[in-house]
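The values are calculated or read from the model by the stated rules, or taken from the named source; none is laboratory data. Small disclaimer: the values here were computed from a predicted structure and weren't measured. Cβ placement follows ideal geometry from the backbone for every residue including glycine, while neighbour counts extend to all protein chains displayed. What goes into the accessible areas is simple: the full protein's heavy atoms, side chains included, and nothing from ligands, DNA or RNA. Shrake-Rupley method; radii C 1.70, N 1.55, O 1.52, S 1.80 Å.
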Amino acid sequence: MKPGLAIGQTSRSELHVTDDMSVRFDGKLVHELYSTSSLVLHMEQTARKLIVPYLDADEEGMGCHVEVSHLAITLPGMTIEVIATVSDIRDNKIVAEVEASNLRGKIARGTVTQAIIKKQWLDNRMKEMAVLQNIAAKKQAQPPVSSKAASKN
């Protein structure tokens, strides 16, 4: 990482809550309210803004822990503000305290932890996972072996 990231630095996002950010399960609208999953996405995105300027060309940030309390409702059409503040830097982990608010006040608080990793390391892990995925897909495509056929071998 490039030098300069420090505890206390902040990033800010202002977002207009749209209908597609409403609570849905299995594609069905449950509540016409800002969903927790959208909130977490916006908190992660705001925390990521803290680290991006400090990443070296061979590095990437990867979310590794999120803890969120969704405290109050927000309707589509409202604007929210998300503020992330660096609260801890240890080894390759950057922890941000994150709060979100609407016009009535705080709607969420939590932490987002990001690991700073080498892009090559991530590429290697992704290739390994693709090999495992292919092996599993081939096993699923094979017809099951009957117990009679197995006992003859």
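Data overview
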quantity	calculated
Residue satisfying condition, being of a type in the set (S, T, N, Q) and either under 18 Å from the mean Cα position of the chain (by Cα) or open to solvent by 80 Å² or more (accessible area, probe 1.4 Å) (or both), within set Thr74, Thr79, Thr113	Thr113
Matching entry among Leu41, Leu50, Leu75, Leu5 (being part of a loop (DSSP other than H, G, I, E, B), under 28 Å from Trp121 (Cβ atoms), at pLDDT 95 or above and of a type in the set (A, V, I, L, M))	Leu5
Answer residue from region 5-22, given it is of a type in the set (A, V, I, L, M) and touching a Phe, Trp or Tyr at 6+ places or on another chain (Cβ under 8 Å) and is surrounded by the fewest Cβ atoms within 10 Å (Cβ to Cβ) among those	Leu5
Count of region 38-56 residues which are surrounded by 11 or more Cβ atoms within 10 Å (Cβ to Cβ) and without any contact (Cβ under 8 Å) to a residue 12 or more places away in the chain	1
Residue, nearest to the chain's Cα centre (by Cα), within region 23-36, restricted to residues that are at negative phi and open to solvent by less than 90 Å² (accessible area, probe 1.4 Å)	Thr36
Among the residues listed as Ser101, Ser69, Ser87, the single one being exposed (fewer than 13 other Cβ atoms within 10 Å of the Cβ), assigned to a strand (DSSP E or B) and under 21 Å from the mean Cα position of the chain (by Cα)	Ser69
Index of the failed condition, Pro144 passing every other in (1) outside any loop (DSSP other than H, G, I, E, B); (2) open to solvent by 90 Å² or more (accessible area, probe 1.4 Å)	(1)
Residue match in region 24-33 (condition: among the acidic types (Asp, Glu) and outside any strand (DSSP E or B))	yes
